[in-house]
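Take a look at the structure set out below.
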Amino acid sequence: MTSPLRFARRALPVLLIAAALPFAAAAQDAFSSRLGAYLAGRIAAAERDMGAASRYYAHALEADPANAELRGQAFQAHLAAGRIDEALKLAEALRRDAESSNIATIVLAAAAAKKGDFAGARRLVQALPETGANRLLKPGFLAWAAFGLNDHAGAAEALRALAGVEGLRVFLELHMALIHDAAGRTAEADRFYGSAVGGVDAAPLRVVQAYASFLARNGRRADAIALWDKYRASSPDSSVAENARQRLAEGKTPARIAAKAPDGMAELLLNLAGALQQDSASLPALIYSRLADYLRPDDADTLNLIAGLLESDDQNEDAVALYRRIPRDSDLSWSARRAAAANLAQLKKVDEAARLLEDMAGERRDRWDALLLLGNLWRSEKQYAKAVEAYDRAAARIPKLEERHWNLLYVRGIANERAKNWPRAEADFKKALELKPNEPYVLNYLAYTWVDRGEHLEEAKRMLDEAVRQKPEDGAIVDSVGWAYFRLGNMEKALEYLEKAVELTPEDPAINDHLGDVYWRVGRRAEARFQWSRALSLNPEPEDVPKIKEKLEKGLPAAKP
């Protein structure tokens, strides 16, 4: 008979395994959940959806709080998503990590300044190395921290560290001006503002805004209006400049850009973010602009920059939400609503975008830009008659056509050509060239259409040569030259240009179709059919589909002698 004790000894491993199974499954689920959140965060960050990345990384970090690499990724995502309070929970630990210490220190210093602890902010920033962005941020933060401590002389002295740094002159002069302005030292502020603005036409818009605000607040409204007039002479279509000037003329006084130390730090971060945006460093720009918004909430210029960065990362819904937060009484309101309409169009909310642009066109009957955008919207939707109607309304608002209006005629010409109204299209292209001679895109479109219609071939060839001379790496223009040679019967040159055009713009169905035609004419039949098949796979214009299919079936007809 089997001993009960012996049976128990046999059964014990089985029982232990059975008991452990739920715990193993739970551990596996936890691991899978953590890994899934981490991978989802990586994917979201790669797709520049930093809001989603922030949430996923936070979930992954809850399960693995000691993971330093994950902590750094979560910190960066929190900052880019504007979740500064979440980033602050990680900042102290990251400040001890050499790779993340700089930005973590700036975040901690910003938090200290926001609470009014300017001495603490200064202590933190003093430890930063003077490399990279710190060459601007360290002296700038030290200056505004000193200002917060009522040490105005120390603030100016800290900023002088920027004097020897190449490319930072305007930053130095602007922030010297802002500090003197906030301290009530109007003569010194005026001197630095004037130096930062320089000749006005080349001055950054933000510097002009700051100086105009100073002038208006100090009893020099006429000088502020004159400053905007000078700026508008070189930027006549700037709605920001137009709105700012109009409000001054109505007796309204613009707010001070930096009244307190946190405002000055926010302005410094905003200025840096704007420079980084111009250098296509979108993620650092987004992080610094989010930190600026934390220090100076709801500033219209900051919201506008963040929205633009989100737009460039295809985060269109978030961009629209931010553009809509810019108040109607802001100088940026008009441009923000235009941008919101463009993002709505990207989201395929075409009717909503069209309503917004129509409302804007009705609100400002002296402006034509909303109607230009409305025409572009309908043209992108291939509703060419509606596009032409919007462009016509825009043109009717322009008392006298000038060089800067060439683009309106160009896009109206495209819409007319697509609407099968060639006489009007041709007239628009010619008028655009009259306003801006040798503009390469107009030369290309008009000459290409002439070639395609078999008209004015020699003149078209001359125009295309000029266009490609100016834009040798533009696939559409190189294609046009190749197509002209094809129509002129020079297959050797056609092949040279069209093969290059496909290299430059491989996803264009028309260019692939053209190369297929040339291959057929030079006897490379298999390659011709490959190019036609590729063109068909690239979503060509609907009217081109049956033509390409016929060529795939029958090839090209014999060339005319």
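Just one of the listed residues (ARG324, ARG296, ARG290, ARG245) is among the basic types (Lys, Arg) and surrounded by fewer than 21 Cβ atoms within 10 Å (Cβ to Cβ), and it is ARG324. With respect to the conditions (1) part of a helix (DSSP H, G or I); (2) under 21 Å from LYS554 (Cα atoms), ALA501 lacks only one, and its number is (2).
Condition first: among the acidic types (Asp, Glu) and part of a helix (DSSP H, G or I). Can you find one or more residues in the range 40-59 that meet it? No, the range 40-59 contains no residue that is among the acidic types (Asp, Glu) and part of a helix (DSSP H, G or I). Would you confirm whether any residue within the range 262-273 is farther than 20 Å from GLY120 by Cα and part of a loop (DSSP other than H, G, I, E, B)? There is no residue in the range 262-273 that is farther than 20 Å from GLY120 by Cα and part of a loop (DSSP other than H, G, I, E, B).
Within the bounds of the range 282-294, is there any residue that is of a type in the set (Gly, Ala, Ser), modelled with pLDDT under 95, part of a helix (DSSP H, G or I) and within 27 Å of ALA44 (Cβ to Cβ)? Scanning the range 282-294 turns up at least one residue that is of a type in the set (Gly, Ala, Ser), modelled with pLDDT under 95, part of a helix (DSSP H, G or I) and within 27 Å of ALA44 (Cβ to Cβ). Could you go through the range 120-138 and let me know if any residue there is buried (at least 19 other Cβ atoms within 10 Å of the Cβ), within 15 Å of GLY264 (Cβ to Cβ) and among the charged types (D, E, K, R). Yes. At least 2 residues being among the β-branched types (Val, Ile, Thr) and touching a Leu at 6+ places or on another chain (Cβ under 9 Å) is the threshold, and among the helices (runs of 4 or more DSSP H) wholly inside the range 166-228 those reaching it are 205-217.
Yes or no, residue by residue, for (1) free of Cβ contacts under 8 Å to residues at least 12 places away in the same chain; (2) part of a loop (DSSP other than H, G, I, E, B):
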site: LYS348; (1), (2): yes, yes
site: ALA353; (1), (2): no, no
site: ASN376; (1), (2): no, no
site: ARG379; (1), (2): no, no
site: LYS382; (1), (2): no, yes
site: ALA385; (1), (2): no, no
site: VAL388; (1), (2): no, no
site: ARG393; (1), (2): no, no
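Taking ALA476 as the residue in question, decide whether it is touching a Ser or Thr at 6+ places or on another chain (Cβ under 8 Å) and either assigned to a helix (DSSP H, G or I) or not assigned by TED's automatic domain parsing to the domain that holds LYS554 (or both). Yes; evaluated as a whole, the condition is true for this residue. On inspection, ARG232 qualifies as in contact with a Ser or Thr (Cβ under 8 Å, 6 or more places away or on another chain), more than 30 Å from LYS115 (Cα to Cα) and among the basic types (Lys, Arg).
Looking at the structure I just gave you, is ALA361 crowded, with 22+ Cβ neighbours inside 10 Å and part of a helix (DSSP H, G or I)? Here the answer is no, as ALA361 does not meet what is asked.
For the condition crowded, with 23+ Cβ neighbours inside 10 Å, farther than 28 Å from THR253 by Cβ and not β-branched (Val, Ile, Thr), LEU371 qualifies.
The values are calculated or read from the model by the stated rules, or taken from the named source; none is laboratory data. Since the structure is predicted, the reported quantities are computational estimates derived from the model, not experimental observations. In this analysis, Cβ positions are derived from the backbone assuming ideal geometry, glycine residues included, and neighbour counts consider all displayed protein chains.
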